[in-house]
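Before any comments, here is the structure.
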Amino acid sequence: MSAFRKAGRGIVDSAKAINFTFDGKTYQGFEGDTVASALLASGNHLMGRSFKYHRPRGVLGAGSEEPNALIAIDRGTGRVTPNVRATTQEIYEGLNAESQNRSPNLKFDMGAFNNAFSIFFPAGFYNKTFLWPKSFWDKVYEPFIRNMAGLGPAPTADDPDVYASSYGHCETLIIGGGPAGLAAALAAAKSGEPVILVDENPQLGGSLLTTPTIEINGKPARDWIAKSLKILSKAENVTLMTRTTATGYYHDNFVALVERITHHVPNAKIGKVREELHRIRAKRVILAQGAIERPLVFNGNDRPGVMLASAAQAYLGQYGVAVGNEAVVFTSHDTAYQAAFDLADANIRIAAIIDVRDEVQNDLTEGATQRGIKIIRSAVISKTFGTLRIKACEIYEPETGIKTKIRCDALLMSGGWTPSLHLWSHSKGGIKWDADIAAYLPDVANENAVCVGACNGDFGIAAALSAGHKAGQKTGGGRKVYKTNEADFGTGVVNNGLPNYIDTAKQKAFVDFQNDVTEKDIKLAVLEGFKSIEHVKRYTTNGMATDQGKTSNLNALEIASKAVGKPIEKVGLTTFRPPYTPTTFGALTGYRDAELFDPTRKTSIDPWAEANGAVFEPVAHWRRAWYFPKAGEDMHAAVSRECKATRDSLGIFDASTLGKIEVVGPDAAKFMNLMYTNPWSALPVGGCRYGLMCREDGYIYDDGVVGRMAEDRFHVTTTTGGAPRVYRHMEDYLQTEFPHLDVWLTSTTEQWATIAINGPNARKLIEPFVEGIDLSPEAFPHMKLREGKICGVPTRLFRVSFTGELGFEINVPSHYGRALWETLMEAGKQYEICPYGTETMHVLRAEKGFIIVGQDTDGTVTAHDAGMSWAVSKKKKDFVGKRSLARTDLTANGRKHLVGLLTEDPNIVLEEGAQIVTDPNQPIPMDMLGHVTSSYWSEPLGRSIAMAMVRDGFNRMDETLHVPMPNMAHKVKVVKPVFYDPKGEKLNVV
Amino acid sequence: MLFDQAVDIPEIFKSERVSVTLIEGKARYNLRVKAADVTAFKKSTGLKLPSKIGSSSLSKVVSCLKLGPDEWLVIANSTQQKKLDKVFEKASKDFICSITDISHRNIGFEVSGELAAKLINVGCPLDLSLTAFPVGKVTRTIFESAQIMLLRTGEDSFHVECWRSFAPYLRDYFKRVMTTRY
């Protein structure tokens, strides 16, 4: 047995010894121990260094509220978790823990010089000091401050572990498995409806685990827990979740639970789930989160060995660990007496109980007398001694001025209790100040939620059990009275500044232990003009550490309220935000890493492209083949070759990602007339037309070729990225503006694989495979579509061209796409068929001056601006955007127009986005006329080409303008944006 | 010609407590019928079109799932396709409706076994208890970033449909869960 382990105490299993290391040294603990309890059992209190001053720190608490004892758990490469609370990390065989924020080691920390000069580091120090020179901030001040400031370093290697996530539902979600939560679960279980009970600890029982002498209805609390768990485990409608933290409470009873599945397992395998995020939608939520004891704010209250009285009680009751041999208790609340008595009963000497109050209840004084404990009333602790562990403290009695130094190796403090309102506040539940317990309590609920037990101010075990039982019942059933042998919970007093003979400026009285905020800092903030608690919080950083101010918020509030001179309830409380306790990025990410981060949509032809060396680019959610480089080719060479091959003979392109919408119904043409600028009524069945779509504001929104399959059926195509928004746009108008039309929309993007065949040999290639369609130019001219079969499967065959060459777009049901592609590739060998990607497609269309919506347009371009007035019907009475096109600003002179640009030097390829000016010698900023929208090298033309939006561009034909680029401005001539085959003769090769 | 359904289903998907298989050989139609025509449409086509949104009529040959106020998804064995094409061709002429073949747009998975609902709940936020989501219930919903259609075909079996290009994402997601969990 370790020196401080008390035989017969605690619920750790002393038959199962477990070895672990802390800072390289091996320690032994028992199954059921945390790192903190096992270290304390060995007499080791020093567990960390503070954030700002690098002061030595031990544990303050025994649970998730712990601000001091943050450690790193090292499980190998990529598996280092920093900032783990030693008080919640269960030990397991081989656990490797390290302290943080110290150099070179925990006992001797160079950073502690900050402490010696702490008088120079008041609140707002960094804001005040590191203002100048500004350039020093990024490179000198910030890295230094970050390095000195104290949390563990973020891991750099990838985390190989798996994190899971899932959704769940229940009737009743109970958060907290102490007496209130268990009683609630027992009552709720009877309804037969799904109940989930969660607790962040490994075992259910809450405070009952730490107070083993308690009896409920005449039986030991442990028996009551065991019996309750037996009932709950048997109930099929109840799910018990331990090691699970409710981290956030969101709208409509949506609660995030993080379950730590293997944090306590030795040699946890890589590849299995380590944590799971459960996203639970509950019909109602019962919050039984308990309360957290409040520290007292006094000079030297942060030495290792100074801790909450309830923590000392927990270490003894749950882990059988004495936190020292000689303890002093310092309190303003009755509950600390019970902690003192528990320790005394385990033969730990209680040197004295120092009570700030002048009156103490008789039963407590009697209890103390029986145990030979001295009580000193109306007294405080004014000083503590010891560096790495408390050695002694000085008792100061303000009325007499008497100072007494007494020896101790532990100091237990209690400033009363703070009900945990964190999740209640996440849910936007109201709170009210309760002067009797000097804390905020839940007020009006915002969700279907209720607080029970200590978090509702129902202090004491019997009260918690009854409240839990009542809340657990679905419909107000009977009251249940529980009999316990507990002492009266008692009362305490508010402490807004303990008396001390030492000047406040020279005291080190910590409020926020994790962020090193002292009483002095808060007073200074108020003195400097910060009156709102939210401002005080941000200026001092009180409550902003990873513990979210669980032990500090109320103390800070009390100090600030006194300094401001306003009652607490007028000062307000800072906002609690999720997560309740620090949450790993893994838990937030869940399964969604690598290929599961977001879907990558691939066409049926994509596997062929991948196998044949395509370079891909993302287009919306799709990945598309960008170009197909041959050995030794860069992008420029590959694209030039692909362009040339297509113009000379035959190119093949996967156009499957184009959006497709089937518009069907007797009013289909009417609907098309309203949604597109073009007229559709006269388009015959079997005809195709380029369609241009505007938004209500008259600007170009999307475009694509539309085919009329039947009087009442259109095959609409959209841009790849535009498919979802065009569908939504159409459906929106159909449902809200044109509900009288009998027409329906079905997305068919993925029903069809689309292969574009372009080049003089296009017809020759497909002819042998097509059945039932006469491909002769007379029977099947440009901009027509036909239905028939290709390779034996149904096809919708469009004769269209986005390249200026003879072109066909073959649509076949998707699952046949790859087979058809491979068939055509094989058959195309005789024509030296060339697969091309999106880059070549862009070049070929630019040579013809065809726009790409979103590249040559930017949401402020009208059809007229783009030189496409021909696509806007003048006869139609209405279409979406028509009224806007008559707006004076859209018809005004001097708008930017889409034109072509040819550089004087044909080898210069302009930069897309480059500005266009009249006179490059003007001082900057020059008069800017517009910008280059598309720019490429054109292999067939042997020169560069560009498209641009230029102010009054249509009236500047043949003008010379200038395009400033990094090294020099280039001369360009304004031309019509059709560079290749302006007469369109190539479309009609036979 | 080679028929490529975008996904393969590796061995891992056949576990004792949950299995995932590809639903093959189905014809699918998106069916929209003007409210006034529904009764006559049903009589003429012989299709059992359920009237309540989210409900279905299931059979081994033809299942009709009501997804919206005037919208059904008809899933049939592909052996029925020619017959149905004829029936629908006639119906298209006789009624105010929209019938669109989407056989290749969707990929179907069957998820079955005692953990089927749990597997789907990894990415689908709906309550899949038998009371909230009984056998025969159907809805459009999501599985993380993919839109899916979810139909409960039995106490422990579901039919999940998604668009073709989302199928590998679903398959990979299911796979990750099954290899790391079950």
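Worth pointing out:
- Mean projected area in nm² (Cα convex hull; one quarter of hull surface) for the stretch A:241-309: 8.2 nm²
- Cα shape, the stretch A:775-923, gyration tensor, a/c 1.5 rule: oblate
- Annotation: the antiparallel percentage among DSSP beta bridges lying fully within the protein assembly as shown is about 80.
- Whichever lysines have a C-alpha closer than 24 Å to that of A:LYS971, once near sequence neighbours (fewer than 8 apart) are set aside: A:LYS848, A:LYS896
- Take each residue in B:116-123, count the other chain C-beta atoms within 10 Å of its C-beta, and the mean is 3.
- For the stretch A:321-442, the number of Lys pairs separated by eight or more positions or lying on different chains, with C-alpha atoms closer than 20 Å, is 9.
- For the peptides A:56-64, A:787-795, A:81-89, A:13-21, the ranking by packing is A:56-64, A:81-89, A:787-795, A:13-21, with the highest mean count of neighbouring Cβ atoms within 10 Å listed first.
- Positive contributions from Lys and Arg (+1) and negative ones from Asp and Glu (-1), summed over other residues with Cβ under 13 Å from the Cβ of A:GLU65, come out at -2.
- Toward the positive end of the charge dipole of chain A, with +1 on the Cβ of Lys and Arg and -1 on the Cβ of Asp and Glu, the farthest Cα among A:LEU412, A:TYR836, A:TYR627 is that of A:LEU412.
- Counts of other chain beta carbons within 10 angstrom of each beta carbon in peptide A:272-285 average 1.
- Divided by 2.2 N^0.38 Å, where N counts the residues, the Cα radius of gyration of the stretch A:698-790 comes to 1.34.
- Around the amide H of A:VAL162, modelled in the peptide plane, lie the amide H atoms of A:GLY271, A:LYS272, A:ARG274, all under 5 Å away and 5 or more residues distant in sequence or on another chain.
- Cα gyration tensor shape for the stretch B:29-102, rounded if a/c is under 1.5, else prolate or oblate: oblate
- For the stretch B:1-19 and the stretch A:279-300, distance of Cα centres in Å: 47 Å
- Equivalent-ellipsoid semi-axes of the stretch A:893-990, from the Cα gyration tensor, Å, largest first: 25, 16, 10
- Dipole of the stretch B:11-180, positive direction: furthest Cα of B:ILE107, B:VAL62, B:VAL122, with charges on the beta-carbon: B:VAL62
- Two-decimal ratio, the stretch A:584-739, of alpha-carbon radius of gyration to 2.2 N^0.38 Å: 1.33
- Tensor-based shape of the stretch A:13-116 (alpha-carbon gyration tensor, a/c under 1.5 rounded, otherwise prolate or oblate): prolate
- Convex hull volume per residue for the stretch B:11-180, taking Cα atoms only, in Å³: 109 Å³
- Per residue, the convex hull spanned by the Cα atoms of the stretch A:445-501 measures out at 105 cubic angstrom.
- The Cα-based radius of gyration and maximum Cα-Cα distance (Dmax) for the stretch A:503-572 are 10.8, 31 Å.
- Theoretical FRET efficiency, 1/(1+(r/R0)^6), r = Cβ-Cβ of B:THR39 and A:LEU741, R0 22 Å, to 0.05: 0.50
- Rounded Å value of the spacing that divides the Cα centres of the stretch A:864-918 and the stretch A:662-705: 21 Å
- Dipole magnitude for chain A: computed about the Cα centre from +1 point charges on Lys and Arg Cβ and -1 point charges on Asp and Glu Cβ, it is near 1320 debye.
- Fraction of alpha-carbon pairs over 11 Å apart in the stretch A:840-879 - percent: 71 percent
- When the listed pairs A:LYS644/A:LYS784; A:LYS875/A:LYS983; A:LYS630/A:LYS829; B:LYS26/B:LYS137; A:LYS644/A:LYS986; A:LYS190/A:LYS234 are checked against a 23 Å cut-off, the alpha-carbon distance exceeds it for A:LYS644/A:LYS784; A:LYS875/A:LYS983.
- Over the stretch A:295-415: Kirkwood hydrodynamic radius from C-alpha pairwise inverse distances, Å: 13.9 Å
- Spatial offset of the stretch A:552-592 relative to the stretch A:80-100 amounts to 25 Å, using the alpha carbon center of each.
- Around the amide H of A:HIS333, modelled in the peptide plane, lie the amide H atoms of A:GLY416, all under 5 Å away and 5 or more residues distant in sequence or on another chain.
- As a length-normalised measure over Cα pairs under 8 Å and 6 or more apart, the relative contact order of chain A settles at 9 percent.
- Compactness index (Cα Rg / 2.2 N^0.38 Å), chain A: 1.26
- Projected over every direction and averaged, the convex hull enclosing the alpha-carbon atoms of the stretch A:439-568 yields 11.0 nm².
- Diffusion coefficient, µm² s⁻¹, Stokes-Einstein with Kirkwood Rh over alpha-carbon pairs of the stretch B:95-182 at 25 °C and 0.890 mPa s: 180 µm²/s
- Take the convex hull of the alpha carbons in the stretch A:354-474; its mean projected area over all directions comes to 11.0 nm².
- Straight Cα distances below 18 angstrom link A:LYS876 to the lysines A:LYS670, with same-chain residues fewer than 8 positions distant left out.
- Inter-chain Cβ neighbour average for residues A:664-673, partner chain, 10 Å: 2
- Taking chain B and dividing mean pair separation by its residue count, relative contact order in percent (alpha carbons under 8 Å, at least six apart): 25 percent
Any read-out appearing in this document is the output of simple, stated calculations on the displayed coordinates, not a laboratory observation. As the structure is a prediction and not an experimental result, all values here were calculated from the model. Cβ coordinates were reconstructed from backbone atoms using ideal geometry, including for glycine residues, and neighbour counts include every protein chain displayed.
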